[in-house]
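Okay, structure first, notes after.
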Amino acid sequence: MIACHECDLLQREVHLPLGGIVRCGRCGAELYRSHPDSFDRSLALTAGAIVLFILANSFPIVGLKLQGQVIQTTLLHTVQTLWNEDMKSVGILVFATTMLMPALELFALTYLLVPLRLGRAPPYFAIVFRTMQTVRPWGMVEVFMLGVLVSLVKLAHLAGIVPGIALWAFAALMFVMAAIAAVLDPRDLWARVAAAREAAGYRNMSGTSIGAAR
Amino acid sequence: MTACSAASQGMLVCHACGLLSRAPAHSHEISCPRCGDHVHFRKPDSIARTWALLITAMILYIPANVLPMMHTSSLFGSQSDTIMSGVVYFWTSGSWYLALIIFFASIMVPMLKMIALVLLLVTTQRRSRWQLQQRTKLYRVVEFVGRWSMLDIYVVAVIVALVQLQALATITPGPGAIAFGGVVVLTMFAAMAFDPRLMWDSLEEERG
């Protein structure tokens with residue numbers, strides 16, 4: 001049995017063909033989906049996202065060309081400027097939503113996925129998994145990307161725009177993060193954790209509790 | 001149709017890991033046996049919390065729109081830009097598509113989001129069974145779209161950082177940016193605090 005997280009309707013779980021989506025029969029919320037190779041794809045995309053994230057944070061996003069001089073800014077420098085301008089709350093908000101939260105999400109994904117790939121359940125799996133779920137809505141890479149584009153258009157009449165490496169990295173990161181969110185299957189993760197724990201000789205916690213619920 | 005909610009059967013679903021478990025009699029809250037998260041039948045004090053966050057956001061929405069987001073000072077004088085004047089600037093300078101994006105992301109989305117949450121709260125409190133499916137859909141849209149209001153904050157951040165370094169003009173962020181950031185964060189929290197399952201509970205009450 002499964003309960004819809006949006007309307008609480010009790011429903012029977014069904015087996016899905018690959019690529020299928022199960023929606024709640026009453027309110028239409030997506031209950032779960034099955035992706036081919038969900039696990040391996042998430043892992044591969046996470047590895048890619050980490051590389052892109054590092055690039056996006058270590059290189060300048062954009063530069064302005066004025067009188068033969070190029071002035072560039074990185075993401076961290078943007079945050080620093082806001083902080084120095086006595087806009088600490090806005091600086092923290094930008095820092096949290098574009099750097100901290102995506103970093104935490106990627107870190108959590110790596111921590112969860114790599115040991116599971118090797119057939120082991122990482123310690124504190126549940127806490128890290130919950131942290132990832134909490135952090136996810138606050139990572140706003142795609143909104144930041146649009147913000148950069150809008151500000152570029154706004155400044156284009158002032159000076160020449162020099163797109164930096166980080167701009168492309170951010171654009172790519174935006175798609176990769178969206179792909180991770182689409183591909184990652186929490187049910188599959190929990191099933192793998194259970195399997196790994198069983199293999200390691202632990203008592204299968206989820207098995208007993210589902211049995212109790214029935 | 002024998003549709004019944006998990007709560008009516010004494011079962012609750014974990015929001016973190018999706019596990020359905022049975023609650024011991026007379027308990028309203030358990031720890032999920034699989035992931036250890038707190039599991040409730042319904043989010044605690046959902047309606048009151050959502051109202052509190054929403055009303056705060058509504059109050060902040062006024063300074064967010066009235067106070068300037070940016071101050072520009074250059075050789076040619078200084079000027080302050082609110083969100084709306086930014087939209088007007090883009091509109092008159094020919095970038096009407098950008099004017100539309102900012103207008104929607106910064107003015108329409110927060111406003112519609114607050115109106116939608118009020119509608120959801122009021123209908124839920126009245127235990128209305130009107131348009132339950134559509135209202136759930138509305139909730140989903142509100143949850144999804146809220147983040148896009150951060151757009152203007154990022155625009156201010158990037159412009160301030162880039163133009164700071166120029167000799168010909170300095171741009172500094174204005175107090176409107178703080179209020180606006182507050183509106184976005186508070187409405188996101190408000191949407192998270194709301195429990196859409198409360199809407200569907202009106203169906204059960206009627207039956208028995």
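Each reported figure results from applying straightforward, stated rules to the coordinates on display, with no laboratory input. The structure presented is a predicted model; accordingly, all values stated were derived computationally and were not measured. Every residue, glycine as well, gets a Cβ built from its backbone with ideal geometry; the counts of neighbours run over all protein chains shown.
Order these by the 10 Å Cβ neighbour count, fewest first: B:Ser73, B:Ser8. Intermediate results must be reported in sequence, preceding the final value.
Values: B:Ser73 13, B:Ser8 16.
Final ranking by Cβ density, sparse to dense: B:Ser73, B:Ser8.
Measuring spread by the Cα atoms of chain A yields a radius of gyration and Dmax of 21.4, 74 Å. Computed over chain B, the per-residue total of -39500 (n - 2.57) for DSSP H runs of n ≥ 4 gives a 222 nm mean residue ellipticity of -17500 deg cm²/dmol, rounded to 500. When each of the peptides A:6-14, B:91-99 is scored by the mean number of other C-beta atoms lying within 10 Å of its residues, the order from highest to lowest reads A:6-14, B:91-99.
Could you give me D for segment B:66-137, from Stokes-Einstein at 10 °C and 1.306 mPa s, where the hydrodynamic radius is the Kirkwood radius over C-alpha pairs? Units µm² s⁻¹, please.
Numbers: Rh = 15.0 Å.
Calculated translational D: 106 µm²/s.
Counting every other Cβ atom within 10 Å of each residue's Cβ, A:Leu76, B:Leu12, B:Leu53 order from fewest to most as A:Leu76, B:Leu53, B:Leu12. Taking 16 Å as the cut-off, the amide N atoms of segment A:19-62 that come nearer than this to a point 7 Å along the Cα-to-beta-carbon line of A:Gln80 belong to A:57-62.
Quick test of the membrane-span-like rule: which DSSP H helices of chain B reach at least 15 Å along their long axis (C-alpha atoms) with mean Kyte hydropathy at least -0.5? Don't skip to the answer; put the middle values down first.
Values: long enough: B:46-66 (31 Å, 1.37); B:109-125 (24 Å, 1.84); B:132-145 (20 Å, -0.17); B:151-164 (20 Å, 2.35); B:175-193 (27 Å, 1.88); B:197-207 (16 Å, -1.38).
Span-like helices, by this rule, are B:46-66, B:109-125, B:132-145, B:151-164, B:175-193.
The mean number of partner chain beta-carbon atoms within 10 angstrom of a residue's beta-carbon across peptide B:90-98 is 2.
Provide the net charge surrounding A:Ala126, with neighbours chosen by a C-beta distance below 12 Å and charges set as Lys +1, Arg +1, Asp -1, Glu -1. Before the final figure, lay out the partial values.
Details: positive: A:Arg130, A:Arg197, B:Arg34; negative: B:Asp37.
Summing Lys/Arg as +1 and Asp/Glu as -1 gives +2.
Model label sites at A:Ser58 and B:Phe104, defined 7 Å from Cα along the beta-carbon direction, differ in position by 3.7 nm. Counting beta carbons within 10 Å around each of B:Thr82, A:Thr78 and listing the fewest first gives the order B:Thr82, A:Thr78.
Please give the Cα centre distance for segment A:114-151 versus segment A:10-27, rounded to the nearest Å. Spelled out, the Cα-based centre of one part sits 25 Å from the other.
Would you tell me the mean number of C-beta atoms belonging to other protein chains that fall within 10 Å of each C-beta in A:80-92, as a whole number? Don't skip to the answer; put the middle values down first.
Working: counts 1, 10, 8, 0, 1, 9, 2, 11, 1, 5, 11, 3, 1.
Rounded to a whole number, the mean comes out at 5.
Partners of A:Lys65 within straight-line reach, counting lysines whose Cα lies under 18 Å from its Cα and excluding those fewer than 8 residues away in the same chain: A:Lys154.
Give the average, rounded to an integer, of partner chain Cβ atoms located within 10 angstrom of each Cβ in A:12-18.
On the way: counts 0, 1, 0, 0, 0, 0, 0.
Other-chain Cβ atoms within 10 Å of each residue's Cβ, averaged: 0.
Test of understanding: extend the Cα→C-beta vector of A:Ile127 to 7 Å, then name every residue of segment A:75-110 with backbone N under 15 Å from that spot. Flagged as within label range: A:108.
Computed on the Cα trace of chain B, the radius of gyration divided by the Kirkwood hydrodynamic radius gives Rg/Rh = 1.12. Between the amide H of A:Leu66 and those of A:Ile71, distances stay under 5 Å, these residues lying 5 or more places away or on another chain, with hydrogens modeled in the peptide plane.
Between A:His15 and B:Gln9, the distance separating the two model label sites (each 7 Å from Cα on the Cα→Cβ line) works out to 2.1 nm.
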